[in-house]
Structures are given as C-alpha cells and as structure tokens.
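Chemist: Next up is a structure, given as structure tokens.
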Amino acid sequence: MAKGKKVTETVEEIVRPIAEEMGLILWDVTFEKEGPDWILRVYIDKDNEGVYIDECVDLSRAVDPLLDEADPISIPYNFEVSSAGLGRKLTKPFHFEKKMGETVLARLIRAENGVKEIKGVLKDYDNGFITIEKEDGTQVIVEQKNTSFVKLCDDEDLF
C-alpha cells in the first residue's frame with residue numbers, strides 16, 4: 001500500500017477500472033470492524049437500473065485475485081461486493097451530483113433551532129454545502145461536515 005494512503009483509496013484504485021469496464025459505477029468502498037471481523041465492502045451501482053446479484057459475483061471474482069496480489073490489508077478480513085441499495089448514504093461529491101432532485105434526509109450532528117433532521121429534495125451541492133428544499137418550499141443549506149449522514153429516502157414507500 002502506498003505510504004499514507006487509506007486502505008479504501010487503494011482498493012478504489014484497484015476496483016474502479018474493472019467496475020467501469022463492466023458498465024458499473026463504483027459507489028463506495030468501506031473497511032469496517034463488525035463484531036470480531038473486519039469487512040471490506042465494495043458498493044456498486046448502475047445508471048438508470050438496479051444491480052443484479054450476478055454483477056456483484058462477477059466483480060467479486062474479477063477483483064479478488066487483484067486484491068490478493070496487491071495485498072493492501074495486512075489483517076484477515078471478509079470481502080463483499082454489494083449493490084449500493086435503497087436508502088444509501090451520500091458521502092462523496094459525485095453522489096450528490098448523481099442524486100440531484102431526489103428526496104434525502106440529512107441528520108445533523110447537533111440540532112439547529114431544535115431541528116435534528118432535515119428532509120426534502122436535494123437541490124444543490126457546492127463544495128461541501130448541501131441545499132435541501134423542504135416540503136413547505138423553504139430551502140435549507142447545511143454543511144456536510146455538520147451532518148452525521150445524508151441518505152436517500154427512496155425506500156420509504158416499500159414498507
């Protein structure tokens with residue numbers, strides 16, 4: 001692994017060209033401890049349609065030997081490839097750009113004027129500042145660093 005580079009950045013560099021060659025969008029890479037295990041997850045998406053399990057399997061099989069060869073992680077871990085899914089978190093500038101006009105929920109780290117969550121249509125993203133238009137038509141601008149998460153609300157009508 002390159003000095004000072006995060007595991008997720010190294011994995012993104014390995015996975016991105018393969019995902020793109022397969023017509024997939026590399027949505028995110030996470031490396032987190034869950035219980036006693038470390039999990040490396042690669043999240044993928046496609047424009048205008050969902051991701052099928054076969055695409056997850058194909059990407060996993062294509063990337064697995066390259067990860068073994070590059071050996072960016074020195075501890076035992078489990079490797080998973082998954083659809084970015086419904087209710088996905090928006091964490092990177094391109095996430096916000098791709099989901100402009102969709103309904104999102106932003107949870108603030110600290111309540112502002114007694115408000116901890118802002119839900120509405122994503123109107124703009126500019127250099128870490130997120131503009132959300134609430135149901136009443138008012139627009140709220142929040143700084144991404146002041147949120148614990150921003151996620152899509154595309155799964156609310158399913159249950």
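Since every read-out is calculated from the coordinates, none of them should be taken as a lab result. Note that this is a predicted model, so its numbers are computed, not measured. Here the Cβ positions follow ideal geometry from the backbone for every residue, glycine too, while neighbour counts run over all protein chains shown.
Chemist: Check Leu90: other-chain or 5+ apart residues with amide H under 5 Å from its amide H, H built from backbone geometry?
Modeler: Placed amide hydrogens put Val150, Lys151, Leu152 under 5 Å from Leu90.
Chemist: Determine the shape class of the stretch 53-122: with a ≥ b ≥ c the square roots of the Cα gyration tensor eigenvalues, call it rounded for a/c under 1.5, and otherwise prolate if a/b is greater than b/c, oblate otherwise.
Modeler: Working: a/c = 3.37, a/b = 2.09, b/c = 1.61.
Prolate.
Chemist: Hey, another quick one. Just Asp28, Asp136, Asp54 to compare: in a GNM of the chain, with alpha carbon springs under 10 Å, which one fluctuates most?
Modeler: Asp136
Chemist: On to the next question. Quick one: 3J(HN,Hα) in Hz for the stretch 20-36, Karplus 6.51/-1.76/1.60 with θ = phi - 60°, rounded, Gly and Pro as x.
Modeler: In residue order, the calculated couplings are 4, 4, 8, x, 10, 9, 6, 7, 6, 9, 10, 9, 9, 8, 10, x, x Hz.
Chemist: A follow-up question, please. Only helical DSSP H runs with n ≥ 4 go in: add -39500 (n - 2.57) per run for the chain, normalise by residue count and round the 222 nm mean residue ellipticity to 500 deg cm²/dmol. Don't skip to the end; give the middle numbers.
Modeler: Numbers: 3 runs with 39 residues, N = 159.
Rounded to the nearest 500, it is -8000 deg cm²/dmol.
Chemist: Loop-only trypsin sites (Lys or Arg not before Pro) in the stretch 1-86, please: DSSP not H, G, I, E or B, and at most 15 other Cβ atoms within 10 Å. Walk me through the numbers on the way to the answer.
Modeler: Details: sites: Lys3, Lys5, Lys6, Lys33, Arg41, Lys46, Arg61; in loops: Lys3, Lys5, Lys6.
Qualifying residues, ordered by number: Lys3, Lys5, Lys6.
Chemist: Could you list, in their original order, any pairs among Lys46/Lys151; Lys6/Lys123; Lys46/Lys134; Lys33/Lys116; Lys46/Lys98; Lys123/Lys151 whose Cα atoms are separated by more than 20 Å?
Modeler: Lys6/Lys123; Lys46/Lys134; Lys33/Lys116
Chemist: Over all alpha-carbon pairs in the stretch 57-96, figure out the percentage whose distance exceeds 14 Å. Walk me through the numbers on the way to the answer.
Modeler: Values: 485 of 780 pairs.
Above the 14 Å cut-off, the stretch 57-96 has 62 percent of its Cα pairs.
Chemist: If you line up the long axis of helix 53-70 against the longest principal axis of the chain, both from Cα atoms, how many degrees apart are they, to the nearest 10?
Modeler: The helix 53-70 is inclined about 60 degrees to the chain.
Chemist: Evaluate E = 1/(1 + (r/R0)^6) for Asp124 and Thr91, where r is the Cβ-Cβ distance and R0 equals 25 Å; express this FRET efficiency to the nearest 0.05. List each step's numbers first, then the result.
Modeler: Values: r = 17 Å, r/R0 = 0.68.
Once rounded, the FRET efficiency stands at 0.90.
Chemist: Amide H neighbours of Asp124 under 5 Å, counting only residues 5+ apart in sequence or on other chains, H built in-plane at 1.01 Å?
Modeler: Hits under the 5 Å cutoff: Thr131.
Chemist: Between Ile141 and Arg110, 0.36 nm times their residue separation minus their Cα-Cα distance comes to what?
Modeler: Numbers: separation 31, 0.36 × 31 = 11.16 nm, distance 1.46 nm.
Extra length available between Ile141 and Arg110 comes to 9.7 nm.
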